[in-house]
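Following: one structure in structure tokens, then a few remarks.
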Amino acid sequence: MENERKLEEFQQKIDANIKIEPKDWMPEKYRQTLIRQISQHAHSEIIGMQPEGNWLTRAPSLRAKKILMAKIQDEAGHGLYLYCAAETLGVKREQFLQWLHEGKAKYSSVFNYPTLTWADMGAVGWLVDGAAIVNQVSLQGTSYGPYSRAMVKICMEESFHQRQGFEIMVQLAKGTEEQKQMAQDALNRWWWPSIMMFGPHDSESAHSNQSLKWKIKRESNDELRQRYINKTIEQGQHLGLTFPDPNLKFNEETKNYDYSPIDWDEFWNVVKGNGPGNKLRINHHIKAHEDGKWVREAAKAYSKKINLSKKIA
Amino acid sequence: MKDELIDYCLRLGDSSLILSHRIAEYCSKAPILEEDLAITNVGLDLLGQAENFLNYAAKLKGNTTADILTFKRREGDFRCLHLVQTPNTDFAYILARQFLMDSYHQILFNKLLNSKDETISGISKKAIKEVNYHLDRSSDWIKRLGLGTKESNDRIQNAINNLWMYTDELFTDNSTDLSMEKNKISPLSSNLKKEWSELVVKTLRDSEIEVPKDVFYSLKYGKDGFHTEYLGYILAEMQHLPLLYPDATW
């Protein structure tokens, strides 16, 4: 009875758009969903540093190098806010990393695709960050306070990233024939993975209904995906490049772009670990973590010594 | 004098550029996320300093740009110090290299604030604020590693021992140094040694790290255009796109 009353009050708060804060009562399932979702989001930021870091030493101008480096630093910062937001739910960062390494926690599958040319730095910014923003703007209104506040800050920076990515695409699309080809090839490879970032269709989505009711998610996967597609096609028309989908067509009735069926076999394969870069990305993260063990131990031991000497003094 | 001034700007610009490149290589490999953020910040500052000095060198040379100097110059025309070319063997090497360079930069840029060349003093004025923070960070880490565990002490000691010989170049004068000193643009490199030693030795001793003996290391240095074997690989990677597509702009 007690629990039912609490649950009712909780839902009333949600319905009245009052944010849930770390010390407030919350249903265990709400907490678990947030732990899963926020940590997955944090892991995505951190794993996402790798495909971009892949081009940091090869950025072709000083300006491009600075922008890319600042961008990767932003991603690390986003990861940090998000781990902090997730920690307010009672799980330590070390645990999140362990779940990631054991394959129990996921990150956005899009980062399992390789970045093969410089144009991928444009396409990742324009398409992958572009898709992420659509989702994140919506999540600014999420019901959990720390997550919502992290999103507000992250959205400001992400919109820069998307513009920077688009700028690279413009530069290449207006460049030499080889640069144009490079841009087209990147669009061909990143278009479908970026569309898949929104997850399964609403009819197939395992967590959607409850998450919408609790306002963890504010809009459904398909609504967000459609908004991304509409917005991105208009941007792409300025580039003079072709989207790799012969069925993309504006539908006068729905006022949306229609698109071909998504290759869900590919999506689930990558989610299950068989993408071109799954093992590479995780092994890279595990290695960095293991290589850093002695450094973390040293920092801990040092801080203990300092605290002890402060106590004695 | 103009040639020497260009040479001097290239030394400062190239050294920051290559150190920043080494930091870029380390992206997403730090022991904790906070350190990934901090070290990238340092890398970005260094890249900004490099760009400022290379812009000035390009302006003095005429008919070139900082990008051309970065991406289309031959190895022998680079003037970076050997120390910044050394590889990211492990976190201890990365930190030791950074600490030795941060200490050098702090002392150097403080002196360059009084340079007769207004561009150099202006760049140094901006850089010194960044460098002070870099040195705070790397000195803190030297202490953590030196006083942390037996393993961390061994590793940082080993890194300092192996990198120490490269500090010889920092304080060796060549004809450019002589000309810069004569024209009141910079002090002699050899004049920085005493202050640098005091600063570095104090932090190392406070961290229970032994100070290696000074050694005469080489007859020819990076600042003379004679490099380690590492630099060729760095440039091959850094320059490959602009060289592969010479007609493209990026």
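The values are calculated or read from the model by the stated rules, or taken from the named source; none is laboratory data. Treat the numbers as computed from the prediction; the structure is a model and nothing was measured. Here the Cβ is made from the backbone with ideal geometry for all residues, glycine too, and neighbour counts use every protein chain on show. Just so you know, the surface numbers come from the protein's heavy atoms only, side chains and all, with ligands and any DNA or RNA stripped out. Shrake-Rupley method; radii C 1.70, N 1.55, O 1.52, S 1.80 Å.
Take the conditions assigned to a loop (DSSP other than H, G, I, E, B) and at pLDDT 95 or above and apply them to A:Gly175. Does it pass? For A:Gly175, the condition - assigned to a loop (DSSP other than H, G, I, E, B) and at pLDDT 95 or above - is met.
Set side by side, the residues A:Asn274, A:Asn283, A:Asn247 differ, and just one is open to solvent by 70 Å² or more (accessible area, probe 1.4 Å) and within 14 Å of another protein chain (Cβ to nearest Cβ), which is A:Asn283.
Of the candidates B:Ile123, B:Ile160, B:Ile209, the single residue that is outside any helix (DSSP H, G or I) and buried (at least 19 other Cβ atoms within 10 Å of the Cβ) is B:Ile209. Among the residues of the range A:96-116, those that are open to solvent by 60 Å² or more (accessible area, probe 1.4 Å) and part of a helix (DSSP H, G or I) comprise A:Gln98, A:Trp99.
Annotation: A:Leu82 fulfils all but one of (1) over 30 Å from B:Tyr233 (Cβ atoms); (2) surrounded by fewer than 18 Cβ atoms within 10 Å (Cβ to Cβ); the unmet one is (2). For the range A:2-74, the helices (runs of 4 or more DSSP H) that sit wholly inside it and include 2 or more residues that are within 14 Å of another protein chain (Cβ to nearest Cβ), open to solvent by less than 10 Å² (accessible area, probe 1.4 Å) and within 30 Å of A:Ser109 (Cβ to Cβ) are A:28-47, A:49-53.
Within the range B:202-231, residues that are under 23 Å from B:Leu147 (Cβ atoms) sit with their Cβ atoms under 8 Å from residues that are open to solvent by 100 Å² or more (accessible area, probe 1.4 Å), at 6+ positions apart or across chains, in these pairs: B:Leu204/B:Glu210; B:Val211/B:Arg205.
What is the residue count in the range B:53-86 for residues that are within 16 Å of the chain's Cα centre (by Cα) and away from chain A (no Cβ under 13 Å)? Adding up the residues that qualify gives 9. For the range A:129-185, taking the residues that are under 30 Å from A:Tyr30 (Cα atoms) and aromatic (Phe, Trp, Tyr), the one that is surrounded by the most Cβ atoms within 10 Å (Cβ to Cβ) is identified as A:Tyr144. Of the set (1) within 11 Å of chain A (Cβ to nearest Cβ); (2) of a type outside the set (Asp, Glu); (3) surrounded by 24 or more Cβ atoms within 10 Å (Cβ to Cβ), all apply to B:Cys9 but (1). The one condition from (1) closer than 28 Å to B:Lys182 by Cα; (2) surrounded by fewer than 16 Cβ atoms within 10 Å (Cβ to Cβ); (3) touching a residue at least 24 places away in the same chain (Cβ under 8 Å); (4) of a type in the set (S, T, N, Q) that B:Thr89 does not meet is (1).
If you go through the range A:300-308 one residue at a time, do you hit one that is within 14 Å of chain B (Cβ to nearest Cβ), over 28 Å from the mean Cα position of the chain (by Cα), open to solvent by 50 Å² or more (accessible area, probe 1.4 Å) and of a type in the set (S, T, N, Q)? Scanning the range A:300-308 turns up at least one residue that is within 14 Å of chain B (Cβ to nearest Cβ), over 28 Å from the mean Cα position of the chain (by Cα), open to solvent by 50 Å² or more (accessible area, probe 1.4 Å) and of a type in the set (S, T, N, Q).
Kindly indicate the residue of the range A:93-139 that is within 13 Å of chain B (Cβ to nearest Cβ) and charged (D, E, K, R) and also nearest to A:Lys23 (Cα to Cα) among those meeting that condition. Applying the filter and picking the extreme gives A:Arg93. Between B:Arg79, B:Arg73, B:Arg144, B:Arg97, the distinction of being outside any helix (DSSP H, G or I), modelled with pLDDT of 95 or more and buried (at least 18 other Cβ atoms within 10 Å of the Cβ) belongs to B:Arg79 only. Residue under question is A:Lys215, and the condition is that it be in contact (Cβ under 8 Å) with a residue 24 or more places away in the chain and part of a loop (DSSP other than H, G, I, E, B); does it hold? Yes; evaluated as a whole, the condition is true for this residue. A search for C-beta distances below 6 Å between a residue of the range A:176-190 that is within 11 Å of B:Ala248 (Cα to Cα) and any residue that is open to solvent by 70 Å² or more (accessible area, probe 1.4 Å) and part of a loop (DSSP other than H, G, I, E, B), counting only pairs 6+ apart in sequence or on different chains, returns A:Thr176/B:Asp247.
Only residues that are open to solvent by 30 Å² or more (accessible area, probe 1.4 Å) and under 14 Å from B:Pro242 (Cα atoms): list them for the range B:48-70, please. B:Thr65, B:Asp67, B:Ile68 - these are the residues of the range B:48-70 that are open to solvent by 30 Å² or more (accessible area, probe 1.4 Å) and under 14 Å from B:Pro242 (Cα atoms).
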